[in-house]
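Just below is one structure, and these are the notes that go with it.
The values are calculated or read from the model by the stated rules, or taken from the named source; none is laboratory data. Bear in mind the structure is a predicted one, so any value in this text is a computation, not a measurement. Methodologically, a virtual Cβ is constructed for each residue, glycine included, from the backbone with ideal geometry; neighbour enumeration extends over all protein chains shown. Ligands, DNA and RNA are stripped out before the accessible areas are found, and what is left, the full protein with its side chains, is counted by its heavy atoms. Shrake-Rupley method; radii C 1.70, N 1.55, O 1.52, S 1.80 Å.
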Amino acid sequence: MASPPAAGVPAPRRGFDRRAWREPRPNPTLIAVIGWVNRAVVLPHLVRLRRFDLPGADLARLRAAVHPGAAAFLGPNHPEFFTDWMVDKELSFRVSPLMAHWASYEIVNVSPAAQWLWLRNNLIANVPGGGGREYSIRWALTGHGVLLHPEGTASWHGERVGPLLPGIVDLAWATCERARIAGRDRPVFVVPIVWRLRFAGDVSRALDREMAMMERALALPSGEGLSLGQRFAALQAELLKRRCAALGLPAPPDPRG
């Protein structure tokens, strides 16, 4: 019996299986177009990123790991969702445009049209039991690099990086073994990447307005009068408390004391 789709995830179209594995089919022209659109439109106007500060020494280290004579697996920190991918896309556009990127199969395979686009943008869908691992090893050995989010989920903190999950290291070891068996003497790198966003101005009032909007939309107690950090913590705690009540779990402590 098929399971119902998760909340907020569109149901698959009849005859289209979102969990079916399809190997990426990178199209260099399409990848270049998406890279330019990201740089010219998405980052400055949607993400509102005024400047992408990548020091020359850091760029040189990245290029020393991602090149045709090596295999590299890149693990960026993961504090957010949409912005993460856009920043990662700009990094790959500068260093190795044909880099493969792991992504959720609910995004890659949401529809036949989306699947066509994302597979040609070299996205690897994390389909359970699919061929993502094998494709990653083969693609890394071409020298283009493979990018993963080692933290696994967005953690909403920008001052520290959570521990790496073992998958990225397992892929690197498997790639070493594949290269050894094939008699290909090349280094294999695991490349942690840490970046952070910095506000260029005071956005306190705008953040207060957005949190007030979320409180009203979710019927949560108002956090008016709290500092930004306290208000965000209270908002998250109220959501957690509501979820705990729905699941019959003990309520979490109130961050306001």
(message) Run the Debye formula on the Cα coordinates of the range 45-105, all scatterers equal and no solvent, and tell me log10 I(q)/I(0) at q = 0.30 1/Å.
(response) -1.51
(message) More than 23 angstrom separation, counting every C-alpha pair in the range 25-131; what % is that?
(response) 30
(request) Give the relative contact order (percent, whole number) for the chain; include only Cα pairs under 8 Å separated by 6+ residues. (result) 23
(message) Within the chain, what whole-number % of the accessible surface is contributed by carbon and sulfur, with the 1.4 Å probe and all protein chains included in the calculation?
(response) 59
(message) Could you derive backbone 3J(HN,Hα) for the range 107-114 from the dihedral phi with the Karplus parameters 6.51, -1.76 and 1.60 (θ = phi - 60°), listing whole Hz in sequence and x where the residue is Gly or Pro?
(response) 8, 4, 10, 5, 7, x, 5, 5
(message) Under the rule of at least 5 residues apart or a separate chain, name every residue whose amide H is placed under 5 Å from the amide H of Gly223.
(response) none
(request) Give me the angle, in degrees from 0 to 90, between the Cα long axis of helix 204-217 and the longest principal axis of the Cα atoms of the chain, rounded to the nearest 10. (result) 80
(request) Could you work out, for the range 85-147, what percent of all Cα-Cα pairs fall into each 10 Å distance bin, beginning at 0 Å and stopping at the bin that holds the largest distance? (result) 23, 53, 24, 0
(request) Enumerate the calculated ³J(HN,Hα) couplings along the range 38-47 in order (Karplus 6.51 cos²θ - 1.76 cosθ + 1.60, θ = phi - 60°), each rounded to whole Hz, writing x wherever the residue is Gly or Pro. (result) 4, 5, 8, 10, 5, 4, x, 10, 8, 6
(message) Using only the alpha-carbon atoms, how far is helix 56-65 inclined from the longest principal axis of the chain? Give it as 0 to 90 degrees, nearest 10.
(response) 50
(message) Per residue of the range 88-96, what does 6.51 cos²θ - 1.76 cosθ + 1.60 with θ = phi - 60° give for ³J(HN,Hα)? Whole Hz please, x for Gly and Pro, Karplus curve as stated.
(response) 4, 5, 5, 4, 5, 4, 7, 9, 7
(request) Could you check the simple spin-label distance between Trp116 and Ala20, using points 7 Å along Cα→Cβ, in nm with one decimal? (result) 1.5
(message) Largest first, please: the extent of the C-alpha atoms of the chain along each principal axis, to the nearest Å.
(response) 64, 53, 34
(message) At 7 Å along Cα-to-Cβ for each site, give me the label-to-label distance between Ala64 and Val41 in nm.
(response) 3.8
(request) Taking H placed 1.01 Å from N in the peptide plane, check which residues at least 5 places from Ile193 or on another chain put their amide H under 5 Å from its amide H. (result) Gly75, Asn77
